[in-house]
Amino acid sequence: MNLSKSSNNDNFAENQYNKMVNTPVSKLITSLAIPTVISMLVTSIYNMADTFFVSQISTQASAAVGVVFPIMSIIQAFGFTLGMGSGSLISIRLGQKRNEEANVIVSTAFFTALCLGCIITILGTLFSAQFLSLVGASDSVLPYAKAYAKYIFFGAPIMTASFVLNNVLRSEGKAFFSMIGLTTGGILNIILDPIFIYALDLGISGAAIATLCSQSISFLILLTCFLKHKTVCHINIKLYSLKKEVLPKIVTTGFPSLSRQGLSSISSILLNTAAGAYGDAAIAGMTITTKIVMFIASIMIGVGQGFSPVSGYNFGAKRYDRVKQAYTFTLTAGFILMGSLATIIFIFANQIMNAFINDLNVVKIGVAALRWQVAFLPFHSLIIGTNMLMQSTRHIKSATYLSMNRNGIYFIPAILILPRIIGLQGVEMAQFVADVLSAITAVPFAIYFFKKMSNYNSEQN
């Protein structure tokens, strides 16, 4: 019986390997990207749903969601670190047919994520007011922020562990299962938001409770995929390892994600502080703008995550020609897609902002910021695609540096300097400046990488 089961698992893994290294890259990336994009969109929609419904309560409530966002980014940073780190290692291991090592990696990442999430829950519950004041909550916004953050902290273990499960599924080429889990949770959140906020009269707390419920359901669906052995990799507490080639390597590989999300948190704090100088309306306007841009950018992230396992698998299998083909396709498809969406949003920016909130000051600020940010949106394909390329092939230093640019190395000076020179407009256009510089920086990294891959091919031949 065990032999039969083992044989089936081997056949399953072999079929998956053949799919990842032989299917035409355009078809393969599209098949992986579509469910991933759907997952990312639904996730973004339910994040936007919180913003939308909460914005109907008051400007202060809307600002509170923006204030809590850096804290959510920190929680996500730990999840992304372990998820992207383990996912990148797993895709390479599976490409090398080292499946048992992949099982150790996913088990270690999953249980580490649960433990870290529990620590965040404890610290967040004990020091909620201090954390919220630190990330920019004003006296008028703080009560709303505390009510919202309470449940976000409580759900930290689920959030961090879900990122691991989600990324491992994608790294295996099982993006469809990931989509089912995230989409179900997202749809549930959209349904529960108005019920908890209005029907049950829970206000901003209702939005957070809806988010917690949806995340829990999503987590259970993702976990079930592993428990029912619908995956190549398997989770077992007995496989947990602190060896340097396991947990430290997961963290090292995922460090670009930690850098990106960590700096995103710092950037959000600085953005809230800079916007706060112009009142709660400015914070609310930038919060709504950020959510909208994140929604659109999530499409490119989804395409990038469809590309990542293809890149990792084929790099592990030494099919460098396919890595280049996959990268070129990702950039081209992403540019066309982002360009089309950016044009629509730029034209209808006023209508989009008015759909969120009935406050003329918030709308005015949001429209200006939104148009600045979508102006360079097509080049997100270059920023995200190159970062995913480096991370999936374990070029950790390059990936780390690139991941730090958009929300850190370039954004932080921009948000600190520009408002001092041109006032509120500096707050509105800081992200645009950071995006331009990030795209320019990505170019030489991609050129160097493929030059090195070309040398590898020459040596093989």
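Each reported figure results from applying straightforward, stated rules to the coordinates on display, with no laboratory input. These figures come from a predicted structure and were not determined experimentally. Backbone-built Cβ (ideal geometry, glycine too); neighbour counts: all protein chains shown.
A full extension of the chain between Val443 and Cys115 corresponds to an added length of 114.2 nm, given 0.36 nm per residue minus the alpha carbon distance.
Restriction of the chymotrypsin sites (Phe, Trp or Tyr not before Pro) in the range 257-355 to DSSP coil positions whose beta-carbon has at most 14 other beta-carbons within 10 angstrom yields Phe348.
In this simple spin-label model, placing a label point 7 Å from the Cα along the Cα-to-Cβ direction at both Ile237 and Phe450 gives a separation of 4.8 nm. Relative to the first principal axis of the alpha-carbon coordinates of the chain, what is the inclination of helix 360-374, with its axis defined by its Cα atoms, in degrees from 0 to 90 and to the nearest 10? Tilt of helix 360-374: around 30 degrees.
If R0 equals 51 Å, the separation of the Cβ atoms of Asn18 and Gln351 corresponds to a calculated FRET efficiency of about 0.60. For the chain, the longest principal axis of the alpha carbon atoms and the long axis of helix 204-227 meet at an angle near 0°. Straight-line cross-link partners of Lys452 among the aspartates and glutamates, defined as a Cα under 16 Å from its Cα and at least 8 positions apart when in the same chain: Asp321. Exceedance of the 22 Å cut-off in Cα-Cα distance is limited, within the set Lys97/Lys230; Lys150/Lys174; Lys97/Lys397, to Lys150/Lys174; Lys97/Lys397. Here the Karplus curve 6.51 cos²θ - 1.76 cosθ + 1.60, taken at θ = phi - 60°, turns the phi angles of the range 303-312 into couplings of 4, x, 6, x, 6, 4, x, 5, 5, x Hz, with x standing for Gly and Pro. For the peptides 26-32, 91-97, residues were scored by their other Cβ atoms within 10 Å and the scores averaged per peptide; the highest-first order is 91-97, 26-32. Among the trypsin sites (Lys or Arg not before Pro) in the range 164-270, those located in a DSSP loop and surrounded by at most 15 other Cβ atoms within 10 Å of their own Cβ are Lys228, Lys230, Lys243, Lys244.
Using the Cβ-Cβ distance between Gln130 and Asp321 with R0 set to 60 Å, the FRET efficiency works out to roughly 0.65.
The peptide list 440-446, 286-292, put in order of mean Cβ contacts within 10 Å with the highest first, becomes 286-292, 440-446.
Principal-axis analysis of the Cα atoms of the chain puts helix 142-154 at an angle of about 20° to the longest axis.
Note on the chain: dipole from Cβ charges, positive end direction compared against Phe295, Thr224, Phe450; the farthest Cα belongs to Phe450.
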